[in-house]
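Below is one structure, written out as structure tokens; comments come after it.
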Amino acid sequence: MAERRLHLLLEGQTELTVARDLLLDHLRQRGWTVTFSIVRTQTTSVTHRGGVSSWPKLAREIKELLGQKSLVLLTTLFDYYGFPDTAPGMDSRPAGSARVAVEHVEKAISEAVGDRRFLPHLVLHELETWVFAAADQLGELRGDETLAARLRQDSTAAGGAELVNDGPKTAPSKRLAQYCTDYAKTIDGPIAITELGVDRLKERCPHFAAWLNEIERR
């Protein structure tokens, strides 16, 4: 059987850790050979990686990756919060729910790239929403039930973990920093999310579930 290679283009180190610890085995069990890279932010004599600062730069990197003929599927793990305003679809987002808006942007990005092997995915609203879905796991990890209760309360008030909003002072990452001053973004969050597991994360995060289900259908 021919190798089916899936490449995940990631926003940063936290996404890399989550992809490796949470998603890798799940995807391998479904027949994928998985490779990863963190998006380039600058190319000089030194290549810097992490963060999506420019749509043209990101588009070039996507096209480069799709130039690899062995690639069956290229997908992304980027935050919707802070995604470049110049990206396709960002200036024509429909009114309504955040999920409708993010799906509009993902579709526009897909059409702009124009390769059926490309499946864009933006996390609603940022990867830390998955930590909110894993509130109990984070509380247990930190030995802090009050923290877990606050995350559950915020998720319920928003209508779900993915809908905890994207305000500059109220985005999930900002809330975590406020609720837990020594929260370690690249350690605590990935551990909690991995402890939650793929199936329960899919139950609590419909946009994540739709993305993973589409990968599984390919």
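The numbers here are math on the coordinates, done by the rules we state, and not lab data. All of these numbers come straight from a predicted model, not from anything done at the bench. Glycine also receives a Cβ, built like all others from the backbone with ideal geometry; neighbour counts cover every protein chain displayed.
Side notes on the structure shown:
- In the chain, the DSSP-assigned H stretches of four residues or longer account for a calculated mean residue ellipticity at 222 nm of -13500 deg cm²/dmol, using -39500 (n - 2.57) per stretch and the full residue count as denominator.
- For the residues Thr17, Thr170, Thr76, a GNM of the chain with alpha-carbon springs under 10 Å puts the largest fluctuation on Thr170.
- For the range 128-196, a crude dipole built from +1 on the beta carbon of Lys and Arg and -1 on the beta carbon of Asp and Glu, taken about the Cα centre, is about 260 debye to the nearest 20.
- Two-site FRET efficiency, Glu203 against Lys69, from Cβ-Cβ distance with R₀ of 45 Å, rounded to 0.05: 0.75
- Mean separation of Cα contacts under 8 Å (6+ apart) over length of the range 50-187, as relative contact order %: 20
- Quotient of C-alpha Rg and 2.2 N^0.38 Å, computed over the range 47-186: 1.18
- Residue with peak Gaussian network fluctuation, the chain [Cα springs, cutoff 10 Å], from Pro120, Pro190, Pro94: Pro94
- Net charge, Lys107 excluded, C-beta distance under 15 Å - Lys, Arg +1, Asp, Glu -1: -3
- Packing, as the average of other Cβ atoms within 10 Å across residues, places the peptides 59-70, 134-145 in the order 134-145, 59-70, highest first.
- Bridge type composition, the chain - antiparallel percent by DSSP, nearest 5: 15
- Scanning residues 5 or more positions from Thr33 or on other chains, those with amide H under 5 Å from its amide H are Arg4, Arg5, Leu6, with H placed 1.01 Å from N in the peptide plane.
- This model, with +1 at the C-beta of Lys and Arg and -1 at the C-beta of Asp and Glu, gives the chain a dipole about its Cα centre of some 680 debye.
- Calculated P(r) of the range 128-196 - Cα pairs past 13 Å, %: 58
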